[in-house]
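The block underneath contains the structure these notes are about, expressed in structure tokens.
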Amino acid sequence: MVTRMKQRLVGELAVVAICGLLMSVGAARGQNSPDAKAPAVVELRDPDARYKADILLVVAHPDDEGAATAYLARAIDEGKRVAVVYGTRGGNGGNEVGTEQASGLAAIREIEARRANGTLGITNVWFLDGKDTAGQDVLVSLANWQHGAALEQLVRLVRLTRPEVVLTFLPGTFIGEDHGDHQAAGVLATEAFDLAGDPTVFPNQVAEPLIRLEAYLEGLRPWQPKKIFYFPDAEREDIFKGKGPSYSVKEISKSTKKPYWRASLDAFRVHQTQAKSFADRLDKMDDAAIEKMMAADGWSNDQWFVLGKSLVGGAVTDPIFAGIESGPIAFRRAAFTVEAPKGEVAVTLAGPWSFYDEFRQAHQLTHLPHPEPPEIALQENTTLIIPLWMRNSTSEAREVILSTELPQGWTVTSGAGKVKVGANETAGTRVEIALGSLSDKKKGRDEAKAVTVRAEAGGKSVGEIVMKVELRKKALPE
Ligand SMILES: [Zn+2]
């Protein structure tokens, strides 16, 4: 397609050249000058077609691509071009192969990620400079990734790869792996989706070079991708399934003659530092035994996505590329107003939860599934921190009483009691709760239990926050 466009462009330039020649011949006749020459025609360059992608996958760590590889193998069979961006090089976690850890391990994992993509034929792979963050808080991950710098780089890569479709983690917090870094990848990808088409965002990226060997202005083009789809990092599927297209991974690839789940597995096997023992086990098995084991592990389940948004219309469960035609579409900035909470004094949940509420509004994603009440899985005998915004829109300082209702054996360690909020102030505070022990040690997890924080001012309720907390033997993602 690009080649055809180029041929047409060259053809048009040739016509301009002939016209120029005729004009100059005419002018020469008029001037009666025998040696006038045709003006030279400069052929303008296009963006580098080798980096144009149909799909841009944005994930956090080496091996996260596995969330989409079965679909990517199918898309590549259909002639789609794929590029991948990782937020980090994966310096956290164990090493199943050698002694390398931390940044030494990250250097190895970068190569493993490139090779894993290589099994699918994907070579356009980039890494942001984020560091692995052990935890579930997206705001901490974004801070650890240098949010602004990472976003600038991702916007650059969207403009460079000009994807029709972006695939990424669903930005939200749930019971599940719920890795803060996975969420950060989803947040950044959504932000880049909404910013890359705006010529006023990082304008140095879209400015044309002004001098030969230009070192500052990048010569990229603004680019608005057409659709964004998410895969959730949650354990539950009930609120997500059916909110986007679904693909069988059992179909046979026309290029490899194997089912698509197998492409995903063969890409995963490359991540030796993370899965050498698993890969070694597979090496000793024949195809039939592998298929049996993988089916039991859920590798052959359908692959499904949640539609974030489509700027080219269509139904929620339409195939990913339905309605997409090549070529740019217009950029439009959507209006967004942050509503103040109602009431003179109001206490609301802060931290990642209020961020995601506002994020969904800012990016026209209010339809995105999210658990209500908010839920979180935490390790037994650790601390639950409930961050709060305390807003006083009156002209006098106000006293607020914070109280809690907790499961048996859980105790408030700080934050409850009387707090004073200044006139016309929004102040932050937090309630800290020491979590009890698991009641079912064998199972390794308890049913989620409700934690309630109530806020009262002047004898009236000014806020009630409920959170579902599931205790686990081990919960912190690595
Ligand atoms: Zn990950």
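Odds and ends about this structure:
- No other residue among I175, I239, I211 is within 22 Å of D357 (Cβ to Cβ) and surrounded by fewer than 19 Cβ atoms within 10 Å (Cβ to Cβ) apart from I239.
- Selected residue (only one of T404, T383, T411 is over 19 Å from A350 (Cβ atoms) and not basic (K, R)): T411
- Given (1) more than 16 Å from the ligand (Cβ to nearest atom); (2) more than 28 Å from P387 (Cβ to Cβ); (3) among the aliphatic types (A, V, I, L, M), number of the condition L167 does not satisfy: (1)
- Residue match in segment 96-109 (condition: in contact with a Lys or Arg (Cβ under 9 Å, 6 or more places away or on another chain), open to solvent by 40 Å² or more (accessible area, probe 1.4 Å) and not in a helix (DSSP H, G or I)): yes
- Residue check for T200: surrounded by fewer than 19 Cβ atoms within 10 Å (Cβ to Cβ) and more than 16 Å from the ligand (Cβ to nearest atom): yes
- When P232, P245, P222 are screened for being under 20 Å from V165 (Cβ atoms) and modelled with pLDDT under 95, only P232 passes.
- Counting only strands (runs of 3 or more DSSP E) that sit completely within segment 381-462, those holding 2 or more residues that are without any contact (Cβ under 8 Å) to a residue 24 or more places away in the chain and on the phi < 0 side of the Ramachandran plot correspond to 411-414, 417-421.
- Members of segment 367-390 found to be more than 23 Å from the chain's Cα centre (by Cα), open to solvent by less than 40 Å² (accessible area, probe 1.4 Å) and modelled with pLDDT of 95 or more, listed by number: L384, I386, P387, L388, M390
- Hits in segment 50-83 (condition: more than 16 Å from the ligand (Cβ to nearest atom), out of contact with any strand residue (DSSP E or B) (no Cβ under 7 Å at 6 or more places or on another chain) and closer than 17 Å to A263 by Cβ): A73, D77, E78, G79, R81
- Condition broken by S141, with the remaining ones in (1) on the phi < 0 side of the Ramachandran plot; (2) touching a Pro at 6+ places or on another chain (Cβ under 6 Å); (3) among the small types (G, A, S) satisfied: (2)
- Candidates A455, A450, A434 - the one that is within 14 Å of T382 (Cα to Cα), more than 16 Å from the ligand (Cβ to nearest atom) and at pLDDT 95 or above: A434
- Within segment 110-159, tally of residues that are open to solvent by 10 Å² or more (accessible area, probe 1.4 Å), touching an Asp or Glu at 6+ places or on another chain (Cβ under 9 Å) and aromatic (F, W, Y): 1
- Hey, K442 loosely packed, with under 13 Cβ neighbours inside 10 Å, of a type outside the set (D, E) and at pLDDT below 95 or not: yes
- Every residue from segment 44-95 that is closer than 24 Å to A279 by Cα, among the charged types (D, E, K, R) and surrounded by fewer than 24 Cβ atoms within 10 Å (Cβ to Cβ): D63, R74, R89
- Residue within segment 174-188 that is free of Cβ contacts under 8 Å to residues at least 40 places away in the same chain and away from the ligand (no atom under 13 Å from the Cβ) present: no
- Within segment 343-370, tally of residues that are part of a helix (DSSP H, G or I), among the small types (G, A, S) and touching a strand residue (DSSP E or B) at 6+ places or on another chain (Cβ under 9 Å): 2
Rundown of residues vs (1) modelled with pLDDT of 95 or more; (2) in a helix (DSSP H, G or I); (3) over 20 Å from the mean Cα position of the chain (by Cα), yes/no style:
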residue	(1), (2), (3)
T190	yes, yes, no
E218	yes, no, yes
F240	no, no, no
A279	no, yes, yes
A289	no, yes, yes
M294	no, yes, yes
W299	no, no, yes
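- Selection status of T273, of a type in the set (S, T, Y) and either over 21 Å from A116 (Cβ atoms) or modelled with pLDDT of 95 or more (or both): yes
- Failed condition for R162, given (1) within 16 Å of the ligand (Cβ to nearest atom); (2) surrounded by 22 or more Cβ atoms within 10 Å (Cβ to Cβ): (1)
The values are calculated or read from the model by the stated rules, or taken from the named source; none is laboratory data. What you see is a predicted model; the values in this text were computed from it and never measured. So basically every Cβ, Gly included, is an ideal-geometry build from the backbone, and we count neighbours across all protein chains shown. Side chains included, ligands, DNA and RNA excluded: accessible areas come from the protein's heavy atoms. Shrake-Rupley method; radii C 1.70, N 1.55, O 1.52, S 1.80 Å.
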